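The values are calculated or read from the model by the stated rules, or taken from the named source; none is laboratory data. On a predicted model such as this, the values are computed, not experimentally measured, just so you know. Counting neighbours? That spans all protein chains shown, and the Cβs are built from the backbone with ideal geometry, glycine included.
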């Protein structure tokens, strides 16, 4: 009976450690950040507490978007680089990738894009060419969000145009 109590106590404490783990616990600068994030569960801590806890990673929440009722994207600055993650309704990170640098001249974008003058059915994350003075901007690099698989898929930027209204870069790409 004593051995059973010890075994149950060990299982309880091991599960408590797993439950307390969060998406950044396994990260190390210089390692494969997306690989370490995928499958991890988001913590319920405040963003400020999480950023403070992982100050050594240079962690900073850069904002996020609701993709659907069951999927969100969140951008994080980690080890001096930006990453975008897809998080499902239960808080599990389903995909992650490095997000290219963006700026006023090359703003970040999330939303619906067009090809051939028609809206496409997918949600895109992209870096746009902000040097043109039109409402629809050409794409420098883009990824579709496969909502069924909760994965990023590289998209062709040929003929792809995205509205300035979906720009997420802090200065609005202006």
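Across segment 124-155, the qualifying residues are those that are more than 17 Å from residue 73 (Cβ to Cβ), in contact with a strand residue (DSSP E or B) (Cβ under 8 Å, 6 or more places away or on another chain) and in a loop (DSSP other than H, G, I, E, B), and the one among them that is modelled with the highest pLDDT is 129. Looking only at residues in segment 37-62 that are closer than 13 Å to residue 84 by Cα and without any contact (Cβ under 8 Å) to a residue 24 or more places away in the chain, the one that is surrounded by the fewest Cβ atoms within 10 Å (Cβ to Cβ) is 61.
Residue-level analysis places residue 76 among those that are touching a strand residue (DSSP E or B) at 6+ places or on another chain (Cβ under 6 Å), closer than 26 Å to residue 54 by Cα and part of a strand (DSSP E or B). Taking the conditions (1) surrounded by fewer than 13 Cβ atoms within 10 Å (Cβ to Cβ); (2) touching a residue at least 24 places away in the same chain (Cβ under 8 Å); (3) in contact with a strand residue (DSSP E or B) (Cβ under 8 Å, 6 or more places away or on another chain); (4) part of a loop (DSSP other than H, G, I, E, B) in turn, residue 100 satisfies each one other than (1).
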